[in-house]
Amino acid sequence: MSSKVENTGVIAERADHGVTHVAVSLCSFQPVQNDLLCNVVMVKKNLKFVFGPCALQALDLVDQRSVTCLSSPSGRKAFQVMGGSGRLYTCFVSCHYCPCPAFAYTVLRRNEGLLCKHILAAYLCQAMGVTQQESVSDQQMSMLLSGTATP
Amino acid sequence: MSQTDLKTDLTASPPPQTTCSALVVGDHSVSSSVLLLAAVTAASQLGMKVMFFTQTQIQSLPASVQKCAPSLSPECLKKIKFSYPRTVEELLQQIASLHESTNTSPTPPSLIIVDRLESFLCGPGGGSHSGFHPGEQSCAAHLSALLCDTAAFLTQVLEQRSTSSGPCRVIASFQSEVDTRQVSGEPSATDPILDVLDRYFQVRCTLDQDRGYEAAAAGLQQVWHIYLSGRGITGGSCAKDCEDRTGLAQEWQLMIFPNDLMEFKLV
């Protein structure tokens with residue numbers, strides 16, 4: 001288990017688009033102690049309760065620092081998440097969409113999930129302040145948002 | 001540093017509040033006119049810059065729309081930029097590029113309209129619901145999410161420039177080939193594309209034709225019932241634009257006369 005995360009709290013807010021937005025607040029980075037370790041276990045349990053199996057997969061992506069916040073000169077932003085297979089997925093900052101097969105099948109087709117691991121990882125990284133930062137041109141941003149950029 | 005301080009600093013802020021978005025569902029012969037009327041009204045009466053996306057070239061405003069806006073000036077029409085993407089890929093590219101300076105200068109659009117989503121989403125063969133392709137749901141979600149995210153960004157730009165034209169709104173039309181009305185004793189059919197669109201559009205504006213004999217007896221060409229539904233009616237996203245939400249109208253009757261005149265009547 002990571003020795004970095006402790007004393008976390010999970011706040012669930014009412015959803016947009018039928019999806020629950022989760023705000024994860026972190027306190028300081030401290031060496032793991034027994035009581036703090038219990039808090040971490042509780043947070044992971046809460047995340048799994050709300051988001052299902054993708055919660056642990058998302059935490060793995062967070063540990064791997066897989067999320068990059070792209071920004072362009074116009075001020076437009078997007079998330080880019082490195083999946084387990086090494087493929088890059090572009091996600092929006094203000095609403096839920098991911099081009100991955102899991103989002104298409106589990107969320108859209110079967111309505112069995114709230115979001116995929118990539119979207120959840122983006123929210124968690126943003127909350128924890130561990131998002132990578134990268135600048136792209138306005139034209140590159142347009143290509144990424146439209147899905148026409150070369151992966 | 002105290003734990004409380006760091007908790008305040010690192011608490012994730014929720015995503016920016018989504019903008020007002022509405023999906024007009026019904027026969028495209030009427031929805032297209034309604035969308036054009038919305039564009040003309042926004043440009044002429046509200047001074048908004050409008051982006052209007054459609055596959056069909058518009059040579060001139062339909063007579064029904066001209067009659068509703070008799071004092072429309074060429075200057076007002078210049079506020080509406082028409083774009084004719086041929087495919088859903090072109091549509092995605094054009095919407096994705098709305099953040100670029102060529103589209104936000106001198107003023108960014110505050111109304112984005114997409115006419116006949118089904119013509120972009122359901123392929124060249126028209127409705128493909130009998131042979132449903134899962135990729136169509138993902139495409140519908142991508143397009144809808146891009147519209148919402150783009151509108152959210154443009155809303156921020158409008159607010160930063162202290163304009164009175166914000167927030168940026170999205171209106172799209174969609175005609176389903178699935179009859180989702182429930183027949184007694186039978187479960188109502190669902191349109192998988194419409195299910196996806198409902199995830200992203202806060203308000204559904206349904207156009208339902210009145211096929212009773214009263215319309216013909218009254219000398220009307222067509223009578224339509226228009227009603228609003230969806231979480232945006234009771235949600236808070238559009239609330240700040242409505243001082244009295246309890247008085248927000250939700251149902252109208254649209255009468256189309258033989259001379260193409262459209263008249264809206266509050267129910």
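Observations
- Within segment B:56-97, being within 11 Å of chain A (Cβ to nearest Cβ) and either more than 17 Å from B:E118 (Cα to Cα) or touching an Asp or Glu at 6+ places or on another chain (Cβ under 6 Å) (or both) holds for B:Q93, B:Q94, B:A96, B:S97.
- When residues of segment A:81-106 are limited to those that are surrounded by 19 or more Cβ atoms within 10 Å (Cβ to Cβ) and of a type in the set (S, T, Y), the one nearest to A:C69 (Cα to Cα): A:T90
- Options B:S64, B:S83, B:S44: the member that is out of contact with any strand residue (DSSP E or B) (no Cβ under 6 Å at 6 or more places or on another chain) and either in contact (Cβ under 8 Å) with a residue 60 or more places away in the chain or of a type in the set (G, A, S) (or both): B:S44
- Residues of segment A:93-117 classified as touching a Leu at 6+ places or on another chain (Cβ under 7 Å) and either touching a residue at least 24 places away in the same chain (Cβ under 8 Å) or of a type in the set (D, E) (or both), total: 2
- Residue among A:R87, A:R76 that alone is outside the structural domain of A:M42 (by TED's automatic domain parsing), under 26 Å from B:A140 (Cβ atoms), of a type in the set (D, E, K, R) and touching a Phe, Trp or Tyr at 6+ places or on another chain (Cβ under 7 Å): A:R76
- Count - residues of segment A:84-97 that are over 11 Å from the mean Cα position of the chain (by Cα) and more than 8 Å from chain B (Cβ to nearest Cβ): 7
- Residue count, segment B:67-80 (criterion: within 16 Å of B:L35 (Cβ to Cβ) and in contact (Cβ under 8 Å) with a residue 60 or more places away in the chain): 1
- Residue ID - surrounded by the most Cβ atoms within 10 Å (Cβ to Cβ), chosen from residues in segment A:107-135 that are within 11 Å of chain B (Cβ to nearest Cβ) and basic (K, R): A:R109
The values are calculated or read from the model by the stated rules, or taken from the named source; none is laboratory data. As the structure is a prediction and not an experimental result, all values here were calculated from the model. Note that each Cβ is placed from the backbone with ideal geometry, even for glycine, and that neighbours are counted across all protein chains shown.
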